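Chemist: Sharing a structure with you now.
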Amino acid sequence: MASHSPTSGALSAEAGPDAAQPQFDTAAIQRLDSAHYLHPFTDFHGLNEKGARVMVRGDGIYLWDSQGKKLLDGMSGLWCVNVGYGRTSIADAAYRQMCTLPFYNSFFSTTNLPAVQLAAKLAQIAPPGFQHVFFTNSGSEANDTNVRMVRRYWDLLGYEERHTIISRRNAYHGSTMAGASLGGMDGMHDGGLPLPGIVHIGQPNYLEGGRGMTEAEFGLLAASWLEDKILELGADKVAAFIGEPIQGAGGVVIPPATYWPEIQRICDKYGVLLIADEVICGFGRTGAWFASELFGIRPDLITFAKGVTSGYVPLGGVLVGQRVADMLISRGGEFHHGFTYSGHPVACAAALENIRIIEDEGLVAQVANVTGPYLERHFAALADHPLVGYANSFGFVAGLNLVRRKAPVLHDHEPFAPELEVGMLCRAHMFNNGVIMRAVGDRMIIAPPLVMTTAQIDEMLALIRFCLDETYVDVKAHGWL
Ligand SMILES: *Cc1c(COP(=O)(O)O)cnc(C)c1O
């Protein structure tokens, strides 16, 4: 076959002896990958030495790589494949929309059917008071939109000074300039970030900061840092506070129950807008459509992305509450912001089908009433393992801490030295044994597809326990215990 590009040979799957299991030339794909593809959040040099794992197929909660290895995906891709892989009805919906109208923009007084229908659907499943939506292509763009929207809100009210946004250390809000600035990850604050007008307070991480306190006491303390910061800056300078109901990329940090109601009280007291970044928590992950409903948050704006399409195509946006929407709409004047693909008809059609699946299969209630509580009980039981100092979950996010030596009091567990990278070692065992868990330092986290059954939870936890044993043997052999 005459080849037009250097890639066509290496990347096409040849039917192998078993037609269901195509053969790939993994080494050739890896060579092309390192020759041309700069991966996100990756040490390029390190990856090129090792070679990337090549994912080729997914079905339900499982993935297959180019070498035919089957992996149970405990991370839903990257917190997004809520309805699982292999949903041909989403593909069909996207296909039909592409055939009918693949694209038209929403600028200049035009609209399209899937965007209208999705906006109306989101207003229906959102918490009370959300009747409007602004579409983007990602969570990062949605948070950029938030920054511009809250500043415009205060400008329209005549408070041009009121532009500062308060976020938290170790938060993740995306990787555009504003997203990375809102985020609280030191590694992302290079090259002049954070942008001016974005400041950070401490995170509600009981393990990190709660020594000598009950969780409830610590939750109130962590919330009080917001009030301290507002008073330090002057309330007349503060536009908004942003937070993930549960911090995801920061390591599944589940705040004490006292935290969010107190944050809400403080925002109300000073008139500060509250932005809930529900990019991970939304669309059923916590056992509600939006976690704000469960945490006692009445946000003014909700960021969404990931689960809205289960990752089948990119889509994000901002749910705009009444207070902000009324101001933007009633005052008139153009909001000079938007994207070519805002309200992309194909992405919106895929989202509508994804939401239909979540509704028809009752996945939100299933996580709330059946599989979420089941995961909580059985995941917490991993704390009896000699390496596990603490294991907790909320809905379908969970995390456990690998520790060197356990103590009767939580805050006295002895951690491993960070440079040993025990978390990465454990993660490698997980991958090698067919289960995907992510390491954030020495905290191992999961966010499984919402379709996972109790039998599959058993299967996942058995794999995890086996890999913890393997890690233990390794760590012991290294003399790190
Ligand atoms: C993933 C994520 C984002 C960024 O979304 P992208 O689609 O990657 O831009 C923002 N906020 C939170 C909480 C996220 O987890």
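The values are calculated or read from the model by the stated rules, or taken from the named source; none is laboratory data. Just so you know, these numbers come straight off a predicted model, no measurement behind them. FYI the Cβ positions are ideal-geometry reconstructions off the backbone, even for glycines, and counts take in every protein chain you see. The protein model used for the area step is the full one, side chains on, heavy atoms only, and it has no ligands, DNA or RNA in it. Shrake-Rupley method; radii C 1.70, N 1.55, O 1.52, S 1.80 Å.
Chemist: Open to solvent by less than 50 Å² (accessible area, probe 1.4 Å) and either under 26 Å from residue 460 (Cα atoms) or aliphatic (A, V, I, L, M) (or both): is that true of residue 138 in this structure? So that I can check it myself, show each step before the final result.
Modeler: Details: open to solvent by less than 50 Å² (accessible area, probe 1.4 Å): yes; either under 26 Å from residue 460 (Cα atoms) or aliphatic (A, V, I, L, M) (or both): no.
For residue 138, the condition - open to solvent by less than 50 Å² (accessible area, probe 1.4 Å) and either under 26 Å from residue 460 (Cα atoms) or aliphatic (A, V, I, L, M) (or both) - is not met.
Chemist: Let me ask something additional. Could you please find all residues in region 311-340 being within 13 Å of the ligand (Cβ to nearest atom) and of a type outside the set (A, V, I, L, M)? Can you show your working first?
Modeler: To start, the set of residues in region 311-340 that are within 13 Å of the ligand (Cβ to nearest atom) comprises 311, 313-318, 339.
Hits for region 311-340 are 311, 314, 316, 317, 339.
Chemist: Moving on. Counting only residues that are open to solvent by 60 Å² or more (accessible area, probe 1.4 Å), within 14 Å of the ligand (Cβ to nearest atom) and of a type outside the set (Ser, Thr, Tyr), how many does region 158-198 have?
Modeler: So the count comes out to 1.
Chemist: Next question. Only one of (1) within 16 Å of the ligand (Cβ to nearest atom); (2) in a helix (DSSP H, G or I); (3) touching a helix residue (DSSP H, G or I) at 6+ places or on another chain (Cβ under 9 Å) fails for residue 218. Which number is that?
Modeler: Against the list (1) within 16 Å of the ligand (Cβ to nearest atom); (2) in a helix (DSSP H, G or I); (3) touching a helix residue (DSSP H, G or I) at 6+ places or on another chain (Cβ under 9 Å), residue 218 comes up short only on (1).
Chemist: Can you report the number of residues in region 232-254 which are open to solvent by 10 Å² or more (accessible area, probe 1.4 Å) and more than 15 Å from the ligand (Cβ to nearest atom)?
Modeler: Qualifying residue count for the region: 6.
Chemist: In this structure, is residue 339 open to solvent by 10 Å² or more (accessible area, probe 1.4 Å), touching a residue at least 12 places away in the same chain (Cβ under 8 Å) and in contact with a helix residue (DSSP H, G or I) (Cβ under 9 Å, 6 or more places away or on another chain)? Spell out the reasoning first.
Modeler: Values: open to solvent by 10 Å² or more (accessible area, probe 1.4 Å): yes; touching a residue at least 12 places away in the same chain (Cβ under 8 Å): yes; in contact with a helix residue (DSSP H, G or I) (Cβ under 9 Å, 6 or more places away or on another chain): yes.
Considered against the rule, which asks whether it is open to solvent by 10 Å² or more (accessible area, probe 1.4 Å), touching a residue at least 12 places away in the same chain (Cβ under 8 Å) and in contact with a helix residue (DSSP H, G or I) (Cβ under 9 Å, 6 or more places away or on another chain), residue 339 comes out as yes.
Chemist: Let me ask you something else. Which pairs turn up if I take residues in region 265-281 that are more than 8 Å from the ligand (Cβ to nearest atom) and look for partners that are open to solvent by 20 Å² or more (accessible area, probe 1.4 Å) with beta carbon separation below 6 Å, at least 6 apart in sequence or on another chain?
Modeler: So the pair list comes out as 266/227; 270/235; 273/300; 274/300.
Chemist: Filter region 133-157 for residues that are farther than 26 Å from residue 346 by Cα and among the hydrophobic types (A, V, I, L, M, F, W, C); which is nearest to the ligand (Cβ to nearest atom)?
Modeler: 147
Chemist: Go through region 33-68 and give me each residue that's modelled with pLDDT under 95 and in contact with a Phe, Trp or Tyr (Cβ under 6 Å, 6 or more places away or on another chain).
Modeler: If the condition is that a residue be modelled with pLDDT under 95 and in contact with a Phe, Trp or Tyr (Cβ under 6 Å, 6 or more places away or on another chain), then no residue fits.
Chemist: Inspect region 48-61 for any residue being in a strand (DSSP E or B), touching a residue at least 60 places away in the same chain (Cβ under 8 Å) and not small (Gly, Ala, Ser) and give the result as yes or no. I'd like the intermediate steps shown before the answer.
Modeler: Going through region 48-61, the residues in a strand (DSSP E or B) turn out to be 55-60.
Checking which are touching a residue at least 60 places away in the same chain (Cβ under 8 Å) leaves us with 60.
So of that shortlist, the ones also not small (Gly, Ala, Ser) come out as none.
No - not one qualifying residue is present in region 48-61.
Chemist: Something else now. For region 42-91, which positions are closer than 21 Å to residue 283 by Cβ, surrounded by 13 or more Cβ atoms within 10 Å (Cβ to Cβ) and among the charged types (D, E, K, R)?
Modeler: Result: 73, 87.
Chemist: Looking at region 456-481 only, could you name the residues that are open to solvent by less than 70 Å² (accessible area, probe 1.4 Å) and free of Cβ contacts under 8 Å to residues at least 12 places away in the same chain?
Modeler: Selection gives 462, 479.
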